[in-house]
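Student: Would you mind keeping the following structure in view while I ask a few things?
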């Protein structure tokens, strides 16, 4: 089984209780704020074709769909279990006419080049096996002048490292998430980073990138 197949299998299994963990009271409130700020950062006009890379259970899809009345948002993920829940979420929110889900491996995406107006990815680039491949594909499928918003985790500076390392080890052990990856540095090889925000003492960041 390849690394990507292992990721798909893992998230298929997690899909049954993923939303419960994601909505746990202690962590859900700040995450909701960060995700909402990410959607706002897309600066949507209403007619764009938007891709949510690694959509998971589709948490972001309704918020984006409500802003693209004349457009469409596609949620892509490697896990069929997650996509099933994303479709249900869109239907319950009444936005399934503007939402589509696609099984896709962002490290070798099947989407055509220069296809999307805007991309968004939240806590995905620290999870995929090869983030450089994923970033290259994001660059390829985004239109020239298009915008990508990235919300993810990274290594902070200063005393925050005292809190970061225990979290990093826990994330690797239980979630197979690599919080110490230099995603910003990898993005700078392919995109212009035009805006950057930090949360949680620098352990979470939001980056606005342009192609």
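Student: Would you kindly state how much longer the chain becomes between residue 172 and residue 198 on full extension, computed as 0.36 nm times their sequence separation minus their alpha carbon distance, in nm to one decimal?
Tutor: 7.2 nm
Student: Report the gain in length on full extension from residue 84 to residue 32: 0.36 nm times residue separation, minus Cα-Cα distance, nm rounded to one decimal.
Tutor: Once the chain is fully extended between residue 84 and residue 32, it gains 16.6 nm.
Student: Roughly how many Å is it from the Cα centre of region 147-211 to that of region 46-92, as a whole number?
Tutor: Between the Cα centres of region 147-211 and region 46-92 lies a distance of 23 Å.
Student: Moving on. Out of all DSSP beta bridges in region 3-210, what portion is antiparallel? Express it as a percent rounded to 5.
Tutor: Beta bridges within region 3-210, antiparallel portion: roughly 40 percent.
Student: Follow-up. What does the extension gain come out to for residue 92 and residue 163, with contour length at 0.36 nm per residue minus their alpha carbon separation?
Tutor: 21.8 nm
Student: Okay, next question. Measuring from label point to label point, each 7 Å out along Cα→Cβ, what is the residue 130 to residue 115 span in nm?
Tutor: With each label point 7 Å from Cα toward Cβ, the separation is 1.9 nm.
Student: Show me 53-59, 136-142 ranked by packing, highest mean number of other Cβ atoms within 10 Å first.
Tutor: 53-59, 136-142
Student: Based only on Cα atoms, what Rg/Rh ratio does region 90-157 have, Rh being taken as Kirkwood's radius?
Tutor: Rg/Rh: 1.02.
Student: What FRET efficiency would be calculated for the residue pair residue 182, residue 47, taking the C-beta separation as r and a Förster radius of 35 Å, to the nearest 0.05?
Tutor: 0.50
Student: Moving on. Find, to one decimal place in angstroms, the Kirkwood hydrodynamic radius of region 63-211, where the mean of 1/r is taken over every pair of different Cα atoms and then inverted.
Tutor: 16.5 Å is the Kirkwood radius here.
Any read-out appearing in this document is the output of simple, stated calculations on the displayed coordinates, not a laboratory observation. In this text, all values refer to a predicted model and were calculated from it rather than measured experimentally. When we count neighbours, we look across all protein chains shown, and the Cβ atoms used for this are built from the backbone with ideal geometry, even at glycine.
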